[in-house]
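Contents: one structure, followed by commentary.
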Amino acid sequence: MPDIEDWYYADDDGTLWVIASLDFEDDTGRIRDILRVDYDGVSLRGGWSPTDILGDDGVRFAEAGIDTGSDGLRRDNIAPLRAAQVAAEWFIAVREQYRRSEPESRWRWPRRSPAVSHL
């Protein structure tokens with residue numbers, strides 16, 4: 001799926017897992033929201049990142065404080081190929097819902113002054 005970024009990790013115990021994310025930008029190109037999915041070979045979780053620059057990168061879904069919420073994704077005991085399909089369908093559905101919403105009502109973080117760094 002275009003525009004999806006992915007990062008791969010290994011926990012201390014050797015468990016492999018991945019984050020896939022989709023950035024949502026305002027009309028100036030600033031990232032305003034990040035939709036995120038984590039998958040560890042068994043559990044698939046999706047929701048909105050609590051930070052606007054993926055400051056929770058490398059942190060597991062639950063530890064990052066992400067809630068699956070009403071538009072979130074939660075599947076257990078899901079095989080890798082099925083997980084990829086479900087995640088892609090979810091990203092597409094949420095992106096389309098997001099695009100239909102009013103621009104100012106969709107942002108999860110308040111607008112910042114242009115003088116404030118995003119980093």
Worksheet item: How do Glu96, Glu89 line up, fewest other C-beta atoms within 10 Å first?
Response: Glu96, Glu89
Practice prompt. Please identify which residues in region 74-91 have an amide N closer than 18 Å to a label point set 7 Å out from the Cα of Leu16, following the Cα→Cβ vector.
Written response: 77-85
Discussion item. If neighbour count is taken as other Cβ atoms inside 10 Å, put Thr28, Thr15, Thr51 in order from fewest to most.
Written reply: Thr28, Thr15, Thr51
Worksheet item: If we count other beta carbons within 10 Å of each Cβ, what is the order of Ser101, Ser70, fewest first?
Response: Ser70, Ser101
Worksheet item: Do you know the relative contact order of region 4-106, to the nearest whole percent, from alpha carbon pairs under 8 angstrom that are 6+ apart?
Response: 19 percent
Worksheet item: What is the sum of charges around Ser43, taking Lys and Arg as +1, Asp and Glu as -1, for the other residues whose C-beta is under 12 Å from the C-beta of Ser43?
Response: +1
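Every number here is computed from the coordinates shown, using simple stated rules; none is lab data. Every value quoted in this text rests on a predicted model; they were computed, and no experiment measured them. Please note: Cβ atoms are built from the backbone with ideal geometry, for glycine as well, and neighbour counts cover all protein chains shown.
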